[in-house]
Amino acid sequence: MTDVWSDRAEMYRTSEAHSEGPDLDLIVEWATGARTALDVATGGGHVAHRRRAAGLEVVTCDPAPGMKPDAICFAEDLPFAEESFDLVVTRVAAHHYEDVAKAVAEMARVAASAVLIVDNGFMGDDVEAAEKLRDPSHVRNYSEAEWRSFAQAAGLEVEDVQFFEKPIEFQPWLDRCGCVEDDAVSVRELLGDRVVGDHVVLDRIALRAVPV
């Protein structure tokens, strides 16, 4: 997976779908008062860029060297001491984690004040099938109840949850993962009425959790 994501790096750095949105604005709002932050699975670096612009000291990590993170590592094995950062954030990456519960536990371990998680929410089995067909590195989207369970097991209390609808240009969304021909047709069929004109509309969940 790491080599695949390195190959995709430039597309994610220049992706409008990833560089903006109310969920990204919310992360900046939730970071008010923090001084340091860890951006887990930084991808194109959009979260890090916004938080640095807001005055935070940000360290980035990602398993893909092509994403040019400060530290190369998986979310399940963060090479940092306990409570190393005021905030730990992951945005639209957790559905790729092989062991999301372990990743949340690691983020909780290195966070002194809060863990912020933004990802696509669970939208049903057909959407899961579409996501996996579009991008074989997709593992799973999770529901609010599942996220709360992961947080509780990691010693966190969820203090705020917000939901968004995220319209994404459909063809570039396919192109970023090299999904073409019959697979692209099947993805469209599986998504059903979530494809509206030139866009696919995905559900997104944002959670702010604090140590108990």
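Tabulated data
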| quantity | calculated |
| --- | --- |
| Label-point separation, A81 to V201 (7 Å along Cα→Cβ), nm | 4.9 |
| Lys/Arg +1, Asp/Glu -1 at C-beta; the chain dipole; positive extreme among P79, G197, S137 | P79 |
| Dipole of the range 97-164, positive end: most advanced residue of A111, V100, W147 [Cβ charges, Cα centre] | A111 |
| Three-way shape call for the range 140-212 based on the alpha-carbon gyration tensor, with the a/c threshold at 1.5 | prolate |
| Per-residue HN-Hα couplings for the range 41-48 [Karplus 6.51, -1.76, 1.60; θ = phi - 60°; Hz; x = Gly/Pro] | 6, 4, x, x, x, 5, 5, 4 |
| Estimated inter-spin distance, E189 and Q162, nm [label 7 Å along Cα→Cβ] | 3.9 |
| FRET efficiency, A53 to D182 (Cβ-Cβ, R0 45 Å, nearest 0.05) | 0.60 |
| For the range 83-196: rounded, prolate or oblate by the Cα gyration tensor [a/c cutoff 1.5] | prolate |
| Binned Cα-Cα distance frequencies in the range 29-152 - 10 Å width, integer % | 14, 45, 33, 8, 0 |
| Residue among A17, A103, A154 with the largest mean-square fluctuation in a Gaussian network model of the chain, springs linking Cα atoms under 10 Å | A17 |
| Integer Hz, Karplus 6.51/-1.76/1.60 couplings in order for the range 16-31, x for Gly and Pro | 5, 4, 9, 8, 8, x, x, 5, 5, 4, 5, 4, 4, 4, 5, 7 |
| Nitroxide proxy distance, nm - points 7 Å out along Cα→Cβ at E169 and E98 | 3.4 |
| Beta bridge orientation in the chain: antiparallel %, DSSP, nearest 5 | 55 |
| Taking the chain and dividing mean pair separation by its residue count, relative contact order in percent (alpha carbons under 8 Å, at least six apart) | 20 |
| Check: the chain dipole with +1 on Lys, Arg Cβ and -1 on Asp, Glu Cβ, in debye | 540 |
| Most positive-pole-ward Cα, V88, G21, L207, against dipole of the chain from beta carbon charges | V88 |
| 3J(HN,Hα) from dihedral phi, the range 79-88, Karplus parametrisation 6.51/-1.76/1.60, rounded to Hz, x for glycine, proline | x, 9, 6, 4, 6, 6, 10, 4, 10, 10 |
| Separation of alpha-carbon centers, the range 36-71 and the range 123-193, rounded to whole Å | 22 |
| At 1.306 mPa s and 10 °C, Stokes diffusion of the range 1-81 via Kirkwood alpha-carbon radius, µm² per second | 122 |
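Every number here is computed from the coordinates shown, using simple stated rules; none is lab data. Note that the structure is a prediction, hence the values are computed from the model and not measured. Don't worry about glycine lacking a Cβ; one is built from the backbone with ideal geometry, like all the others, and counts go over all protein chains shown.
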